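The values are calculated or read from the model by the stated rules, or taken from the named source; none is laboratory data. Everything numeric here is computed off the predicted structure, so don't read it as measured data. Here Cβ is always computed from backbone atoms with ideal geometry, including for glycine, and neighbour counts include all displayed protein chains.
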Amino acid sequence: MLVANAACPTQAYIDGRWCDAADERRFDVTNPSTGAVIASVADCGVAETRAAIAAAKAAQPGWAALPAGQRSTILRRWRDLMVERADELALILTRENGKPLSEARGEILYGASYLEWFAEEAKRVYGEVVPSSSASNRILVIKQAVGVCAAITPWNFPNAMLMRKAAAALAAGCTMVAKPAAETPLSALIAAKLGEEAGVPAGVFNIVTGTRAAEIGGELTAHPDVRKITFTGSTAVGRKLLEQSAATVKKASMELGGNAPFIVFDDADLDAAIDGAVASKFRNAGQTCVCANRMFVQAGIMPEFARRLAARVAALKVGDGEMTGCEVGPLINEAGLAKTERLVAAARADGAKVLTGGAKHVAGELFYQPTVIEGVRQEMDIAQEEIFGPVAPLIGFDTEAEVIAMANDTIYGLAAYLFTRDIGRAWRVGEALEYGMVGINEGILSSAAAPFGGVKQSGFGREGSRHGLEDYLEIKYMLMGGLSA
Ligand code: SIN
């Protein structure tokens, strides 16, 4: 079993202790590339979630009272350990998630970059002194930690999505109870172990592992001591968590689904557009919320773009993420594969043409061929739903106004991309797109320095950048009187 070699914990981490579920239940974690069981992990429920919340509550005042510089040093040490052990962490991530080892290593460094960023931001939580209408008082504004935060994190970036929430929360002086996805708990557990080694005090960062997502999520959202819920995942689950959090009026950050348009104008640098399309679409086998989901290509360049993209995609190396040179791994589970197959079959039945791929891949049960489909129309399911698979649907367009209307015609508003060499068009279209993030002549826009997040039903709140810290801070106004002589 992998975890015995890699010294990765398989118990939950609550109040600085590694523990099993009270009822001793465990669940298997499997490698999606091979189907092999790689670990058996504590299957927690409500009791363990409550214990973690109590620990986070008890630890919060002390953690928030530490000088920011000390919190910063601990976060920085955590980042250093993660970078030092990036290869080991990447292997665990690849085995539980399936993504290529090079991408997994990139994700570990990406996750560590949030620790570095927020270690620095921790020291910059500035207040204000506002002029008052009275000579005898002064208006002071200070910022304080929100308190206990609950994080529910996804399987597609099991390290980075956790670290970008935890780093911001802890930098602000909050404590956290995190529930990682049941498909990929190991990356969260090994991260917690490094946090422990870095000196994160008991109770400040807790991990509740388990398959009983509704029970754990129900407790995290209902509990009055949890002051904020932060979630990355589907819009459907986000809506449910918001509903459940309403009774205790929690703060929330929601990073939900997307339906990213990737727009290529006639005047684009085609080499850059094709590189951007491959990077955006096939990262993590198409299983990211910011993946290009609809590729809009202007009529004049459609034949060349389609031909060149299909050739590049046909040459992608598919296989077990541990295979040398692997570029595309498996889908996470049967449901992901079935959805991809359904959307491609429906598009074909509706008259779209598969240029490359379009079927399961021989590499294993959960592999799908990297696929390019042309002749897709906006009303097809494949252009309406988040594909979350390695399939690039091409949709033709003629005018700027037409493509803006189609790009915005969705409930989602997370990421969008556009390729053009006309700077006026780049500004016009960039501003007209109803999305939280727009990549202009770039297919990957993620960075700890940037505010990641969406609009519309892709959610709210920002992660990363200086804005990411604000999401874990409350504003307090203090009126200081008695100042007249
Ligand atoms: C996501 O897909 O949810 C996050 C992707 C990223 O941070 O780049």
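Structure above, values below:
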{"read-out": "Some residue of the range 124-147 being at pLDDT 95 or above and at positive phi", "value": "yes"}
{"read-out": "Extreme residue, farthest from the ligand (Cβ to nearest atom), among residues of the range 258-284 that are within 23 Å of residue 459 (Cα to Cα) and of a type outside the set (Lys, Arg)", "value": "263"}
{"read-out": "Some residue of the range 180-193 being surrounded by 24 or more Cβ atoms within 10 Å (Cβ to Cβ) and assigned to a strand (DSSP E or B)", "value": "yes"}
{"read-out": "The one condition in (1) surrounded by fewer than 17 Cβ atoms within 10 Å (Cβ to Cβ); (2) modelled with pLDDT of 95 or more that residue 4 fails to fulfil", "value": "(2)"}
{"read-out": "Qualifying residues in the range 194-217 (those that are part of a helix (DSSP H, G or I) and in contact with a Leu (Cβ under 9 Å, 6 or more places away or on another chain)) - the one nearest to residue 54 (Cα to Cα)", "value": "217"}
{"read-out": "Candidates 352, 292, 363, 310, filtered to the one that is touching a strand residue (DSSP E or B) at 6+ places or on another chain (Cβ under 6 Å), touching a residue at least 40 places away in the same chain (Cβ under 8 Å), more than 16 Å from the ligand (Cβ to nearest atom) and under 18 Å from residue 383 (Cβ atoms)", "value": "352"}
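Residues checked against (1) within 12 Å of the ligand (Cβ to nearest atom); (2) free of Cβ contacts under 8 Å to residues at least 40 places away in the same chain:
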| site | (1), (2) |
| --- | --- |
| 437 | yes, no |
| 440 | no, yes |
| 454 | yes, no |
| 460 | no, no |
| 466 | no, no |
